[in-house]
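Visitor: Let me begin by handing over the structure; questions about it come next.
The values are calculated or read from the model by the stated rules, or taken from the named source; none is laboratory data. Small disclaimer: the values here were computed from a predicted structure and weren't measured. For neighbour counting, all protein chains shown are included, and Cβ atoms are generated from backbone atoms with ideal geometry for every residue, glycine included. Keep in mind that these areas ignore ligands, DNA and RNA; they rest on the heavy atoms of the full protein, side chains included. Shrake-Rupley method; radii C 1.70, N 1.55, O 1.52, S 1.80 Å.
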Amino acid sequence: MKRALITGISGQDGSYLAELLIARDYEVHGLVRRDSIEDSSRRLSNINHLKEDITFHAAALDNELSLYKVIAKVQPDECYHLAASSFVSYSFEDEYSILTTNFNGTHFLLASLKEASPDCRFFFAGSSEMFGTVEAAPQDEATPFNPRSIYGISKLASHHLVRNYRTQYGLFACTGILYNHESPRRDFKFVTRKITSQAARIKLGLADKLYLGNLAALRDWGYAPDYVQAIWQILQHHTPDDYVIATGVNHSVEEFVTCAFSYLGLNYRDYVEIDPRFYRQAEDIPLCGNATKIRNALGWQPTKPLEDIIAEW
Ligand code: GDP
């Protein structure tokens, strides 16, 4: 039986990954903060249905010793590092805590694995925000990085570290460069869940307006369970490598909002108002991923178009 350790197990991706691994007979271990264990019904709601099948370990990404101890004890065959301070704001507020958590957390995990479990395969959840302001679309593994947010910088620095642990120390360490991926488990601060949840509240008569930023913004939105499948496949391959994980299709926020409201028999124009507070700086060329490498190497491809993802909400 393989043993897997997941950071960020209570998040959208961590919960789908735990389901996938349990279904494949893995022994699944999850790193969580101590306060999550104490308030599990609320903070671990995405994985409440899996609690009996997961061994939880209290540890913090900014505490190297706590991570080292868990890794030394669990001796995982595979480690999936999904935890991060994950909201992309282009302002640089809170930059110290985002950088510290995201970069040091990755560093502490890699260093601990190298010392205590060097045969463990390691996956790092990178982000399309590593590409940031791009000169062309779609982007692939050879596209130059140009991050525009502290989040993107923290992910890019971690990605370079992952590559160095692979080349310098021989660790089986890989980065998946993940474009936006959505599901009913997505956090409410992301625009997709914000739209679907407020549209439902409007339909039920519990709200009457939805305030959004730039409706023309384009994103490459995929389906989170598909992306978790890709993440797992990356660690099953014979060679460690880095891959773009994307659909290669852009949709606008306006297309998303139109589709979500029309599922409920509503016209979004009657409810949506623009609030400049939610605007980000203009993106002349959108983030859109070219996933040819992972399709050719691992046979992975996305299964759900955006309309079907929205329909699941
Ligand atoms: P991100 O790609 O990680 O930044 O995911 P988000 O879901 O936060 O944002 C996706 C896109 O939606 C971005 O281009 C935003 O500019 C755009 N957007 C438009 N209105 C909103 C809003 O009200 N909230 C958020 N979060 N994003 C919005």
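Visitor: Could you pull out every one of the helices (runs of 4 or more DSSP H) wholly within the stretch 104-203 that has 2 or more residues that are not assigned by TED's automatic domain parsing to the domain that holds Glu273?
Guide: Fully inside the stretch 104-203 and qualifying: 105-116, 150-169.
Visitor: OK, next. What tally of residues in the stretch 118-130 results from selecting those that are over 15 Å from the mean Cα position of the chain (by Cα) and open to solvent by less than 10 Å² (accessible area, probe 1.4 Å)?
Guide: Number of matching residues: 2.
Visitor: Could you list, in sequence order, the residues of the stretch 150-191 that are more than 16 Å from the ligand (Cβ to nearest atom), aliphatic (A, V, I, L, M) and open to solvent by 20 Å² or more (accessible area, probe 1.4 Å)?
Guide: Ala157, Leu161
Visitor: Pairs please, first residue from the stretch 229-241 and more than 20 Å from Asp13 (Cβ to Cβ), second anywhere and open to solvent by less than 60 Å² (accessible area, probe 1.4 Å), Cβ atoms under 9 Å, 6+ apart in sequence or on different chains.
Guide: Every condition considered, the pairs that remain are Thr239/Phe172; Thr239/Ala297.
Visitor: Looking only at the stretch 99-107, decide whether some residue is of a type in the set (S, T, N, Q), within 16 Å of the ligand (Cβ to nearest atom) and under 15 Å from the mean Cα position of the chain (by Cα).
Guide: yes
Visitor: Looking for something farther than 27 Å from Phe131 by Cβ, charged (D, E, K, R) and in contact (Cβ under 8 Å) with a residue 40 or more places away in the chain - is there at least one such residue anywhere in the stretch 205-221?
Guide: yes
Visitor: Which of the residues spanning the stretch 206-248 are of a type in the set (Ser, Thr, Tyr), under 12 Å from Phe123 (Cβ atoms) and more than 13 Å from the chain's Cα centre (by Cα)?
Guide: Once the filter is applied, which keeps residues that are of a type in the set (Ser, Thr, Tyr), under 12 Å from Phe123 (Cβ atoms) and more than 13 Å from the chain's Cα centre (by Cα), the stretch 206-248 yields only Tyr243.
Visitor: Residues in the stretch 266-299 that are out of contact with any helix residue (DSSP H, G or I) (no Cβ under 7 Å at 6 or more places or on another chain), assigned to a helix (DSSP H, G or I) and within 16 Å of the ligand (Cβ to nearest atom): how many?
Guide: Matching residues across the stretch 266-299 total 4.
Visitor: Just need a number here: residues in the stretch 155-168 that are under 9 Å from Glu129 (Cβ atoms) and of a type in the set (Ser, Thr, Tyr).
Guide: 0
Visitor: For Met1, work out the one condition from (1) aliphatic (A, V, I, L, M); (2) open to solvent by 60 Å² or more (accessible area, probe 1.4 Å); (3) at pLDDT 95 or above it doesn't fulfil.
Guide: (3)
Visitor: Another question, if that's okay. When you go through Gly248, Gly205 one by one, which is the residue that is more than 9 Å from the ligand (Cβ to nearest atom) and under 28 Å from Ala137 (Cβ atoms)?
Guide: On inspection, the qualifying residue turns out to be Gly248.
Visitor: Consider the stretch 209-240. How many of its residues are assigned to a loop (DSSP other than H, G, I, E, B), surrounded by fewer than 17 Cβ atoms within 10 Å (Cβ to Cβ) and more than 14 Å from the ligand (Cβ to nearest atom)?
Guide: Residues that pass the stated criteria total 3.
Visitor: If I ask for residues that are at pLDDT 95 or above and open to solvent by less than 60 Å² (accessible area, probe 1.4 Å), which ones from the stretch 276-299 would you list?
Guide: Within the stretch 276-299, Leu287, Cys288, Gly289, Asn290, Ala291, Thr292, Ile294, Ala297, Leu298, Gly299 meet the criteria.
Visitor: What pairs can you find where one residue is in the stretch 287-305 and without any contact (Cβ under 8 Å) to a residue 40 or more places away in the chain, the other is in a loop (DSSP other than H, G, I, E, B), and their Cβ atoms are less than 7 Å apart, with a gap of 6+ or different chains?
Guide: Arg295/Gln301
Visitor: For the structure I just gave you, tell me whether Ser85 is touching a helix residue (DSSP H, G or I) at 6+ places or on another chain (Cβ under 7 Å) and open to solvent by 30 Å² or more (accessible area, probe 1.4 Å).
Guide: Against the criterion (touching a helix residue (DSSP H, G or I) at 6+ places or on another chain (Cβ under 7 Å) and open to solvent by 30 Å² or more (accessible area, probe 1.4 Å)), Ser85 qualifies.
Visitor: For the stretch 300-313, give me each residue that is more than 11 Å from Gln229 (Cα to Cα), assigned to a loop (DSSP other than H, G, I, E, B) and either at pLDDT 90 or above or not charged (D, E, K, R) (or both).
Guide: The answer is Lys304, Pro305, Trp313.
Visitor: Another one. Does Pro76 satisfy the condition of being part of a loop (DSSP other than H, G, I, E, B), in contact with a Cys (Cβ under 7 Å, 6 or more places away or on another chain) and either more than 24 Å from Lys189 (Cα to Cα) or of a type outside the set (Asp, Glu) (or both)?
Guide: Criteria met by Pro76.
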